[in-house]
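The values are calculated or read from the model by the stated rules, or taken from the named source; none is laboratory data. From a predicted model like this one, the values you see are computed outputs, not experimental measurements. For neighbour counting, all protein chains shown are included, and Cβ atoms are generated from backbone atoms with ideal geometry for every residue, glycine included. Side chains included, ligands, DNA and RNA excluded: accessible areas come from the protein's heavy atoms. Shrake-Rupley method; radii C 1.70, N 1.55, O 1.52, S 1.80 Å.
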Amino acid sequence: MTADTNAMVARWVRPEIAALRAYQVGDASGCIKLDAMENPYGWPAELQAAWLASLEGVTVNRYPDPSGQALRAALRTGLALPPDQELLLGNGSDELIQMIAMTLAAPGRVLLSVEPSFVMYRMIATFCGLEYVGVPLRAADFALDMPALRAAIAEHEPAVIFLAYPNNPTGNAFAADELRELLALAPGLVVIDEAYGPFAAHSMLGELGRHPNLVVMRTLSKMGLAGLRLGYLAGAPAWLGEFDKVRLPYNINVLSQHSVRFALAHPEVFSAQTETLKAERAREQAELAALPGVEVFPSEANFLLVRTPPGRAGELFEGLRERRILIKRLDGAHPLLHDCLRITVGTPAENDQLLAALRDLL
Ligand SMILES: *Cc1c(COP(=O)(O)O)cnc(C)c1O
């Protein structure tokens, strides 16, 4: 029986899917969790109580608002979008990446990104049957390699380019004038993924409407609502209307629609948390840089990329895990990330524990 099952799986599962490894999420129980760019803060007790009370008004026997109209309106007010630009909601921005890829995929078409960057661009290209092209960033500072990008765009004529701004896992924000040049060169869509927008100095949202091929994607995950799964895409209705056709009905559930609207009515709570995390990022950056042989890269996100002394990333990662501190090991994930670890900025107490553990281990 098992042999029959395995034979049928081998016969029918697409080879490119069989060759993949499912997205790995490690067991973090009992750990200080500095691996996934989550906001470490919960809500103040009164806000938590008000939220729970407000849930009484939510009906779960009915389907949610299919397009999340009230939620989109609430998101708009914080964004100052030009009136001719629309919003499309996704179950996390991961779902939006998938909707864009499904809409644009056809044999021989290319999804282009840079490397190292967010691994889901490549994975979703594969799921959807798009060819993936990854152009390496500059080794020294992870900036865009413009000559290589110009050549790759001319050669592959990508249907879509994804650029994380700031980039994950490197933390830097690319130069805005270079993004504008790529927008002008690209024959297809350019998605600027601002997952870390709340922690960054600049945004491309203000450029919407100035380029026919620009859309900007954001998520509430990194600023504090990862569990609710809400991402949004801002752009021209002509693009968004097409992506909306491949969206599964009711993709944002009632609890998420309600709870995000509730949260958006208290922006001061989240902006205060963001400011604390940015201050901690600066402190942690300086303290990590003072560790012997450790290089810390500049970050406009809620994490720091560090390069350990040669050959020590694995040992430091394991040493931290034994001390119940979980970070992300990047050494081995991409040649440009040799000896690298990625550390999410936590609470001051969590960051102190991480720094003490690293001092000890080094
Ligand atoms: C975390 C992350 C996402 C995905 O966020 P969700 O909205 O939680 O799906 C997208 N892009 C980048 C660059 C990220 O780091």
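For the range 203-220, residues that are under 17 Å from Gly78 (Cβ atoms) and touching a helix residue (DSSP H, G or I) at 6+ places or on another chain (Cβ under 6 Å) total 5.
In the range 205-247, which residues are within 19 Å of Leu111 (Cβ to Cβ) and of a type in the set (A, V, I, L, M)? Hits for the range 205-247 are Leu214, Val215, Val216, Met217, Leu233, Leu240, Val246.
Inspect the range 177-184 for any residue being assigned to a loop (DSSP other than H, G, I, E, B), surrounded by 19 or more Cβ atoms within 10 Å (Cβ to Cβ) and out of contact with any Lys or Arg (no Cβ under 8 Å at 6 or more places or on another chain) and give the result as yes or no. Taking every residue of the range 177-184 in turn, none turns out to be assigned to a loop (DSSP other than H, G, I, E, B), surrounded by 19 or more Cβ atoms within 10 Å (Cβ to Cβ) and out of contact with any Lys or Arg (no Cβ under 8 Å at 6 or more places or on another chain). Restricting attention to the range 162-185, does a residue exist that is more than 15 Å from the ligand (Cβ to nearest atom), closer than 15 Å to Ala200 by Cβ and small (Gly, Ala, Ser)? Yes, that holds for at least one residue. When Pro267, Pro212 are checked against the criterion of being without any contact (Cβ under 8 Å) to a residue 40 or more places away in the chain and open to solvent by 40 Å² or more (accessible area, probe 1.4 Å), a single residue qualifies: Pro212. The single condition among (1) more than 10 Å from the ligand (Cβ to nearest atom); (2) closer than 29 Å to Glu268 by Cβ; (3) in contact with a Phe, Trp or Tyr (Cβ under 9 Å, 6 or more places away or on another chain) that Glu207 does not satisfy is (3). Of all residues in the range 7-31, how many are in contact (Cβ under 8 Å) with a residue 24 or more places away in the chain and either farther than 30 Å from Ile327 by Cβ or touching a Pro at 6+ places or on another chain (Cβ under 8 Å) (or both)? Matching residues across the range 7-31 total 1.
Conditions tested, residue by residue: (1) near the ligand (Cβ under 10 Å from one of its atoms); (2) part of a helix (DSSP H, G or I); (3) under 21 Å from the mean Cα position of the chain (by Cα); (4) under 15 Å from Arg72 (Cα atoms).
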| position | (1), (2), (3), (4) |
| --- | --- |
| Lys222 | yes, yes, yes, no |
| Leu233 | no, no, yes, yes |
| Ala238 | no, yes, no, no |
| Glu242 | no, yes, no, no |
| Tyr250 | no, no, no, yes |
| Gln257 | no, yes, yes, yes |
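The set of residues in the range 69-103 that are out of contact with any Cys (no Cβ under 6 Å at 6 or more places or on another chain), hydrophobic (A, V, I, L, M, F, W, C), open to solvent by 20 Å² or more (accessible area, probe 1.4 Å) and modelled with pLDDT of 95 or more comprises Ala70, Ala73, Ala74.
Take Ala125 and decide whether it is open to solvent by less than 10 Å² (accessible area, probe 1.4 Å), modelled with pLDDT of 95 or more, of a type outside the set (Lys, Arg) and under 21 Å from Asn213 (Cα atoms). Taking the combined requirement at face value, the residue satisfies it.
For the range 125-142, a tally of residues being of a type in the set (Gly, Ala, Ser) and either touching a Lys or Arg at 6+ places or on another chain (Cβ under 7 Å) or closer than 13 Å to Ser113 by Cα (or both) returns 2.
For Gly224, the criteria (1) out of contact with any Leu (no Cβ under 9 Å at 6 or more places or on another chain); (2) at negative phi; (3) open to solvent by less than 30 Å² (accessible area, probe 1.4 Å) hold in every case but one, which is (2).
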